[in-house]
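Heads up, the thing below is written out as structure tokens.
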Amino acid sequence: MHKGYQRSEALFAEAKQLIPGGVNSPVRAFKAVGANPVFIDRAEGPYLYDVDGNRYIDYVLSWGPMIAGHANEEVSAALKEAIDRGTSYGAPTELETRLAQLLLDAFPAMDMVRMVNSGTEATMSALRLARGYTGRNKIVKFEGCYHGHADSLLIKAGSGALTLGVPTSPGVPSNIANNTITAPYNDLETMKKIFEEAGDDIAALIIEGVPGNMGCIPPKEGYLQGLRDLTRQYGALLIMDEVMSGFRVAYGGAQVLYDIEPDITCLGKIIGGGLPVGAYGGKKEIMEMIAPAGPIYQAGTLSGNPLAMTAGIAMLEILKRPGTYETLAEKTRYVAEGIAAAAKDAGVPLYSTRVGSMFSGFITTETVEDFASACTSDTEAFGAYFRAMLEEGVYLACSQFEAGFMSLAHSQEDLDFTIAAAQKAFRKVAE
Ligand code: PLP
């Protein structure tokens, strides 16, 4: 029995007086699902425990990083040992080289890597690097892909495929937006036209390894290779943003899964084991343009922080073990198929997608393959489904346009509990 949200409601009211919207990152406010956020007290394994004493099976996992489950023993033990050695030095450590080596071993396309503190920093720095390296200004991004909140990337489509981008937020100058071209995902023909028109001015095309920020939408067969060929043809760099898909869809990322060789890769989330981390890496020739090896400036007081490096190393050592990704994919298949069957039984149309341990269920009768088709989803119905699942003790991503994540800690019992909850929740939605 759910114990209600009394204490969460009170804490949210208090937080709203002190913190804009009561949260430190907008999605957490549950606005898209017509609810107020649950305040978390602690987490363990696949579970979140809220301040009212409710337990939830967690498919958000801190928006991806907690792939080994919350408070994983090995990661926690490594952190406890590290914390007594000091929390930041602002000077190099061996830990940075160890994590760099693990990343380079996992990504054949990467010769060198630079650590930063968030995914936003990784993509922002990757764009500067691409612009500095090519001497060009324009970048191409996809409608529905999110790469953090740097000015160049908070851009949506104008009217018409080749028109200039429009900021999605006040405060982004139009002269910055003018350098971002947006394109529909999974549509190679439109991309060819964009490159025919502006290819010689394009520094880079940036794409999520597997998009998760319009819900999980797999790339069509051959699409990524098509983008790789096109960018090469025009001398533009291909940046794969694997902040979400990195070590989530495979050991390495989507580029390993689909055998694509980007010029620059962005990472975050999992490689910090739950601590703030980002990274960007690529070919030596490009990476050596970064200061102090080269002229392109990028820096960070806490970059390569020993706690984050320790957690990242411990996390990758866990994920490296044989069978990890098969186990994750099998659990994801089981729960995604169970949820899809529950929707079908209740007469709710659901378009189910998954890649590795990422999954989504779009409440629509359409085939979802890009942002426009994702937007045919019934977001009101999704809100009702989300709220019903929460009451049943299942914590889903609080938007139709976010992916769900599986962890190694979810048990068969947790998965069956989730499917049973979905059966009840979809019946409510259909009422
Ligand atoms: N890139 C992708 C693909 C993401 O999913 C995110 C965050 O969700 C980011 C970049 C930004 O990362 P951060 O929130 O760490 O700044």
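Read-outs throughout are calculated quantities, based only on the coordinates presented, and are distinct from any laboratory measurement. All values derive from a computational prediction rather than experimental measurement. Here the Cβ is made from the backbone with ideal geometry for all residues, glycine too, and neighbour counts use every protein chain on show.
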Revision key, fill the gap. The whole-number value in µm²/s of the Stokes-Einstein translational diffusion coefficient for region 73-319, with Rh from the Kirkwood sum over alpha carbon pairs at 4 °C and 1.567 mPa s, is 71 µm²/s
Check your understanding: Could you give P(r) for region 287-431, binned at 5 Å from zero, as whole percent values over all Cα-Cα pairs?
Key -> 2, 9, 15, 17, 14, 10, 9, 9, 7, 5, 3, 1, 0
Check your understanding: Counting DSSP beta bridges with both partners in region 73-319, what percentage is antiparallel, nearest 5?
Key -> 40 percent
Practice item. Note down the relative contact order for region 73-319 as a percent, whole number, built from C-alpha pairs under 8 angstrom at least six residues apart. Key: 29 percent
Revision key, fill the gap. Taking only the alpha-carbon positions of region 102-243 as identical scatterers, the Debye log10 I(q)/I(0) at q = 0.16, 0.18, 0.19 Å⁻¹ comes out as -0.83, -1.08, -1.21
Study note, to complete from the structure: Going through Lys220/Lys344; Lys138/Lys269; Lys141/Lys331; Lys31/Lys192 one by one, the pairs whose alpha carbons sit over 30 Å apart turn out to be Lys141/Lys331; Lys31/Lys192
Check your understanding: Stretched out fully, how many nm does the piece from Ile19 to Lys220 gain, at 0.36 nm a residue minus the Cα gap?
Key -> 68.2 nm
Study note, to complete from the structure: HN-Hα couplings for region 106-122 via Karplus (6.51, -1.76, 1.60; θ = phi - 60°), in whole Hz with x for Gly/Pro, come out as 7, 10, x, 7, 10, 9, 8, 9, 10, 7, 10, 10, 7, x, 4, 4, 5
Review point. If you average over every viewing direction, what projected area does the convex hull of the Cα atoms of the chain give, in nm²?
Key: 20.3 nm²
Revision key, fill the gap. For region 73-319, the dipole about the Cα centre with charges only on Cβ (Lys and Arg +1, Asp and Glu -1), to the nearest 20 debye, works out at 480 debye
Check your understanding: Taking N as the number of residues in region 308-367, what is its Cα Rg relative to 2.2 N^0.38 Å?
Key -> 1.52
Revision key, fill the gap. Ranked output for segments 273-282, 249-258, 391-400, 316-325 by mean other Cβ atoms within 10 Å, highest leading, reads 273-282, 249-258, 391-400, 316-325
